[in-house]
Amino acid sequence: MLDRLKRAASIPLAALILAYDALDAVFGPVVRPVIAALARLRPFQRIGAAIAALPPYGALAVFAVPFAIIEPFKALAVYWMAHHLASGLVALGAAHLGSIFICERIFHVAKPKLLTIGWFARGYGVVVVVRNRALAWARATAAWRAAKAIAVRVRAALRA
């Protein structure tokens, strides 16, 4: 019974992780250089140092607040897309960019402290395992290979 429940719960979790990775693959190459440039600025270095100096649960609070605001907005944007495709896509893109600029950066700085919290480390480990399995499965499909080939051609065209 518990195995069936775990398997049933892993399907939507894997779908969410794959959707997140797909959005990250679209926005990441554009946004990461901007994040790296911002991270080199003194105010952001100070903020990063202050977050890194927090105790584990303080770092969790700093991470959880923007995460708790941005992540539900992504779900709302998906709902919105069902009624207004263009504005829903814009909202989803904005939410994902906010997640990358804020949550991902905070997580990067706070991760060593967060992983000292036992339940957080275990949960993070489960998410990583599910993500890796889902990605391995997706990458083995013909659809993934076709999409990858298209992405390579689009990147080459954009560089030219």
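Tallying residues that are buried (at least 16 other Cβ atoms within 10 Å of the Cβ) and either among the β-branched types (Val, Ile, Thr) or at pLDDT below 85 (or both) within region 105-116 yields 2.
Kindly indicate whether any position in region 88-97 is more than 21 Å from PRO29 (Cα to Cα) and either of a type in the set (A, V, I, L, M, F, W, C) or buried (at least 16 other Cβ atoms within 10 Å of the Cβ) (or both). Scanning region 88-97 turns up at least one residue that is more than 21 Å from PRO29 (Cα to Cα) and either of a type in the set (A, V, I, L, M, F, W, C) or buried (at least 16 other Cβ atoms within 10 Å of the Cβ) (or both). The helices (runs of 4 or more DSSP H) found wholly in region 74-160 and carrying at least 1 residues that are touching a Pro at 6+ places or on another chain (Cβ under 7 Å), free of Cβ contacts under 8 Å to residues at least 60 places away in the same chain and not β-branched (Val, Ile, Thr) occupy 105-114. The selection criterion, being β-branched (Val, Ile, Thr) and surrounded by 11 or more Cβ atoms within 10 Å (Cβ to Cβ), does not hold for VAL152. So is ARG122 closer than 30 Å to PRO56 by Cα, under 19 Å from the mean Cα position of the chain (by Cα) and modelled with pLDDT under 85 or not? It is false that ARG122 is closer than 30 Å to PRO56 by Cα, under 19 Å from the mean Cα position of the chain (by Cα) and modelled with pLDDT under 85. Being of a type in the set (A, V, I, L, M) and surrounded by 14 or more Cβ atoms within 10 Å (Cβ to Cβ) is the filter here; which residues of region 39-51 pass it? Listed by number, the residues that qualify are ALA39, ILE47, ILE51.
The values are calculated or read from the model by the stated rules, or taken from the named source; none is laboratory data. Model, not experiment: these values are computed from the prediction. A quick note on method: Cβ atoms are made from the backbone with ideal geometry, for glycine too, and the neighbour counts reach across all protein chains shown.
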